[in-house]
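Bear in mind that the values in this text are calculations on the coordinates, not laboratory data. Just so you know, these numbers come straight off a predicted model, no measurement behind them. For neighbour counting, all protein chains shown are included, and Cβ atoms are generated from backbone atoms with ideal geometry for every residue, glycine included.
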Amino acid sequence: MTKHTCPVMEAYGSKTTAMRFKGTEITLTLSHGLFSSYDVDSGTRLLLRVISNHIDKLKSASLSMPHRVLDAGSGTGVIGIALGSYFQKEGHENFVIRAQDRDELARQFTACNGLANGLGSGLVDTITGDQTVSQAGSLREPRFSTHTEPLLSAPGPYDWIVSNIPAKAGLPVLEYFVRRSLALLEEAGRVFVVIVDPLAETFKGWILKYGAELVEETAGPEHRVFVYGKPPAQQDAEKVAAKESFSWEAYKRILGTYQIKDTEYTLQSLHGVEDFDQPHYIHELMAALILKLQHQIRSFLTRREHLPILFFEVGQGHFPLWFVISFLQELAQISFTPVIGGRNILSLTATKQNLENLKGSYSVNHTDQAIRDLSPAIVPSVDPDLSAEELLKASGGPFPLMFLFPDPVPKTAPWPAYWTGLEKLADPGSLIFIGLSATEAERFDRQKRKGFQRIGELKRQGWKVLAYQKAV
């Protein structure tokens, strides 16, 4: 087993644990910021037992192991790494495992755990998921790659799809999982999924609704595992899942009109992202601080020709929409590029789509000036320090204006690293706004670096927003 350390594990790891899968020992670093932070959860263990029995049946029948495997919702990488480690031990080299999760922190932990368990050697680039060049000079798909993406958004086909499916994904997303998984399978492929008991019968109903072949059903104390495959050829054609491309329709939640202060806006919310029914109070409080400093901000905007703006961990996009509309007159006259950072790819996508929907919708003073060329960039990112390089690449340079709403990982001390990241991302004169719980805001402010001046703050209802400017 390869000894390997990753900065993300050093910053956000909670403990290291070992487990065995079919005689193969793997070691995993867990995190308080991810599901099951103290041990491998019972649902995953039940799923692995079912998969182990299925492997035994394949071997006894002299059938081949799967070639392409999708680990959907990988978390810290337990299932994909267990399979990959076992395949390598058994000498089964002809496999490809794609691990996907909507959370960039999960992707990075899966990547680092893969490297630590020997899945990142040879032709494999685990961290980036890029194709690599073989000795013969041809491109080869990585044996183990990690990706920040929605469930089942990757192209197929796959021999196996394995998932400890997140119960909080939303019922429309879970139903879409069944339909989409069938579309991604090879003809003889299998889906192995574990789900919590309260949703098990509903999930089973969708399997039957789409005409899938229910191969196995195994119950545990709190979970149920389903193994299913493509519908038999003789099934009613209407029940057979079509070979469709990935769609966002199942993720759409509410298209509504919202208001922060006196500004109304329309926002399409997505399942799997907070603040779908109303803006979080921290966004209201930040808007109040912005209005308190609006003369300084308007003057700041009018002095710029190009303005990259960083919006970090902004949920569905309530605050960015409010800001762009509130300062439209200034923004419409300059070139500005919103860069949206954060862990959740669903949140990044929701904000990007909602900002893009502003194009041509708002005019300035009844003239022909309007938001016409709004192309936000999204950057899956854990924090401003670990992700500074990717954020700067997206913006083309430092950010004159930043709005951050961090959700700190429990039992960590992230603020020194945040300030290190802000030193990299800011240039002289940059304005930085951050919103946190009052307790965390005070901890953040105590770590303030030399060269940053606090220029404003508001504290209400247990929340606090702060404004800083980097010295010129």
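So in the chain, what percent of DSSP beta bridges are antiparallel if you round to the nearest 5?
Expressed as a percentage, antiparallel bridges in the chain total about 55.
Just list whichever of Lys57/Lys204; Lys230/Lys252; Lys359/Lys448; Lys15/Lys168; Lys15/Lys252 have alpha carbons separated by over 31 Å in the model shown.
In this structure, Lys359/Lys448; Lys15/Lys252 lie more than 31 Å apart at Cα.
Take the alpha-carbon centre of the stretch 278-307, take the same for the stretch 413-472, and report the distance between them in whole Å.
15 Å
Where does the Debye-calculated log10 I(q)/I(0) of the stretch 7-247 sit at q = 0.12, 0.15, 0.17 Å⁻¹, using only Cα point scatterers of equal weight, no solvent?
The calculated log intensity ratios at q = 0.12, 0.15, 0.17 Å⁻¹ are -0.65, -1.04, -1.34.
Expected output is a single nm value to one decimal: the length gained when fully extending between Thr439 and Glu274, i.e. 0.36 nm times separation in residues minus the C-alpha distance. What is it?
Residue separation times 0.36 nm, minus the Cα-Cα distance, leaves 57.3 nm.
How large is the helix-only mean residue ellipticity at 222 nm for the chain, computed as the sum of -39500 (n - 2.57) over DSSP H runs with n ≥ 4, divided by its residue count, in deg cm²/dmol to the nearest 500?
The per-residue figure over the chain is -9500 deg cm²/dmol.
First select every other residue whose beta carbon is under 11 angstrom from the beta carbon of Trp322; then total the charges, Lys and Arg +1, Asp and Glu -1.
With Lys, Arg at +1 and Asp, Glu at -1, the net is -2.
When you count, for each residue, the other Cβ atoms within 10 Å and take the mean per peptide, how do 166-179, 293-306 rank with the highest first?
On the way: 166-179: 18.6, 293-306: 13.6.
The most tightly packed comes first, giving 166-179, 293-306.
Once all Cα-Cα distances of the stretch 250-470 are split into 5 Å bins that start at 0, what whole-number percent is in each one?
Distribution as computed: 1, 7, 15, 20, 22, 18, 11, 4, 1, 0, 0 percent.
If the chain between Tyr38 and Ala288 were fully stretched, how many nm would it gain, using 0.36 nm times the residue separation less the Cα-Cα distance? Provide the component values of the computation, followed by the final result.
Values: separation 250, 0.36 × 250 = 90.00 nm, distance 3.99 nm.
Stretched fully, the Tyr38-Ala288 segment lengthens by 86.0 nm.
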